[in-house]
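K.L.:
Take a look at the following structure, please.
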Amino acid sequence: MSKVVVSPAKSFSLNISEIAPDKSISHRSVMFAMLSDGVSEIENFLRAEDTLNSLAIVKNIGAEVEDDGKIIKISSKGIQEPFEILDCGNSGTGMRLFCGLLSSAEGHFVLSGDKYLRRRPMKRVTAPLISIGAKLDGRENGDLAPLSIRGASLKSFDYESKIASAQVKSAMILAALRADGVCTYKEPELSRDHTERMLKGMGADIKVEGLKTTITPLKNLLSPLKIRVPADPSSAFFFAVAAAITPDSHVILEGVTLNPTRIEAFKALERMGADITYELRDDKYEPVGNIHVKYAPLHGIIIQDKISWLIDELPALSIAMACAKGDSVVKNAEELRVKESDRISTVVEGLKACGIEVDEYEDGYKIYGGKLKKAKIDSDGDHRIAMSFIIAGLQCGMEVTDLDCINTSFPNFFELLQKITKVEFIS
């Protein structure tokens, strides 16, 4: 499927219980199972290309996996040297977290991925790992995949990161679990905290005090995971924006993680005027519940804080900004430059093609709210750019090309979209 044509939508009311399971938690669940002393059970695992690649990698490094299509059971007898190159596909999360997990494992490991992942920067993870004794190398002095890892003894550390990145933090936490002493990690702003929550739930000695995380190395293997992966708020957010920009529309997004570090984009949409409410129920590893989103007229907003909490949702949020009354500004979002595409450039170019005036900055952009018009958008192989501009098509119609990337995170996206509007696929 190379192209889709989306028709404008009329008002809709939907209750969606089939949102893609959370990608971040799915990745971590199979990796962290390698640190346990029993059989981990993972229900509602995201069966998308990126996460299935992570599952294939844990098989290749020694996990025994049973999968009945509903529950994945993983048992590990320790990480083993693989026979094959470990393919992370399109996933920066997969590659960066496996760097941390494998840096202290006995053996030699090579991580690679698709053409898009092989051009994404990895030094933000490899450099701090190398500084504590990891034997890591790759193209351009360890910045680009394929990455070579030879397990080594790691030193304890007191590391202060210059960027708020859950991927960097998670890689260093995983390394710390097998370091030779207590480790501390500090970040300039609290980034997403799935790793800390899940590992603490498995029995790891991890303490979080503000922006400082203290990790005590493992004395014993962890308790196995017993988890149902909640729905992914990043995926759910596309349909939140759909309701927020379509008059007289309402959507209920069921079973979503309500982790505060994951729903900042919904909070931003609320500040723009959307009518959003939350129903919370507790869970062992993550808070989970339903999100109700109703249409209301939107107004411009400035986004400059807690960027790491909504970095993945900014392309979709930018569609809401384009439909809002007034101007919106995104600042301090340099991280968008090194995602699956340069998302600052792809968002700006896409909105301009749709007739929206946009100013581009090194760390963000300014969007002058207006009326979207139909355009032809190339996703540049970026799933979030593709889905964001498809959602924009609910306003004005849209043609979007290079769609295979959507399968990396949200395989049933079009199935849900067809409940709202007419979708024409062209090969």
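The values are calculated or read from the model by the stated rules, or taken from the named source; none is laboratory data. This one's a predicted model, so the numbers in the text were calculated from it and none came from an experiment. Here Cβ is always computed from backbone atoms with ideal geometry, including for glycine, and neighbour counts include all displayed protein chains. Side chains are part of the model used for accessible areas, which takes the heavy atoms of the whole protein and leaves out ligands, DNA and RNA. Shrake-Rupley method; radii C 1.70, N 1.55, O 1.52, S 1.80 Å.
K.L.:
Take the residues in the range 24-53 that are open to solvent by 20 Å² or more (accessible area, probe 1.4 Å) and part of a helix (DSSP H, G or I); name whichever of them is nearest to Leu403 (Cα to Cα).
P.N.:
Among them, the one singled out is Glu49.
For (1) of a type in the set (D, E, K, R); (2) touching a His at 6+ places or on another chain (Cβ under 7 Å); (3) surrounded by fewer than 18 Cβ atoms within 10 Å (Cβ to Cβ); (4) assigned to a loop (DSSP other than H, G, I, E, B), each residue gets a yes or a no:
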residue	(1), (2), (3), (4)
Lys219	yes, no, yes, yes
Ala236	no, no, no, no
Ala242	no, no, no, no
Leu253	no, no, no, no
Ala268	no, no, no, no
Tyr278	no, no, yes, no
Asn290	no, no, no, no
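K.L.:
Cβ-Cβ distance below 6 Å, separation of 6 or more or different chains: which pairs start in the range 144-162 with a residue that is free of Cβ contacts under 8 Å to residues at least 60 places away in the same chain and end on one that is open to solvent by 100 Å² or more (accessible area, probe 1.4 Å) and assigned to a strand (DSSP E or B)?
P.N.:
Here the result reads Arg150/Lys135; Ala152/Lys135, each pair linking the range 144-162 to a residue that is open to solvent by 100 Å² or more (accessible area, probe 1.4 Å) and assigned to a strand (DSSP E or B).
K.L.:
So which pairs qualify, if the first residue must be in the range 259-285 and free of Cβ contacts under 8 Å to residues at least 60 places away in the same chain and within 23 Å of Ser388 (Cβ to Cβ), the second must be open to solvent by 70 Å² or more (accessible area, probe 1.4 Å) and part of a loop (DSSP other than H, G, I, E, B), the Cβ gap must be under 8 Å, and the two must be at least 6 apart or on different chains?
P.N.:
Here the result reads Glu264/Lys306; Gly273/Pro297; Ala274/Tyr295; Asp275/Tyr295, each pair linking the range 259-285 to a residue that is open to solvent by 70 Å² or more (accessible area, probe 1.4 Å) and part of a loop (DSSP other than H, G, I, E, B).
K.L.:
Return the only residue of Lys339, Lys373 being on the phi < 0 side of the Ramachandran plot, open to solvent by 10 Å² or more (accessible area, probe 1.4 Å), modelled with pLDDT under 95 and out of contact with any strand residue (DSSP E or B) (no Cβ under 7 Å at 6 or more places or on another chain).
P.N.:
Lys339
K.L.:
Let me ask you something else. Could you check, for the range 323-337, whether at least one of its residues is assigned to a loop (DSSP other than H, G, I, E, B) and among the polar types (S, T, N, Q)?
P.N.:
Yes, there is a match, as at least one residue in the range 323-337 is assigned to a loop (DSSP other than H, G, I, E, B) and among the polar types (S, T, N, Q).
K.L.:
Would you pick out the residues in the range 93-109 that are of a type in the set (Gly, Ala, Ser) and surrounded by fewer than 22 Cβ atoms within 10 Å (Cβ to Cβ)?
P.N.:
Ala105, Gly107
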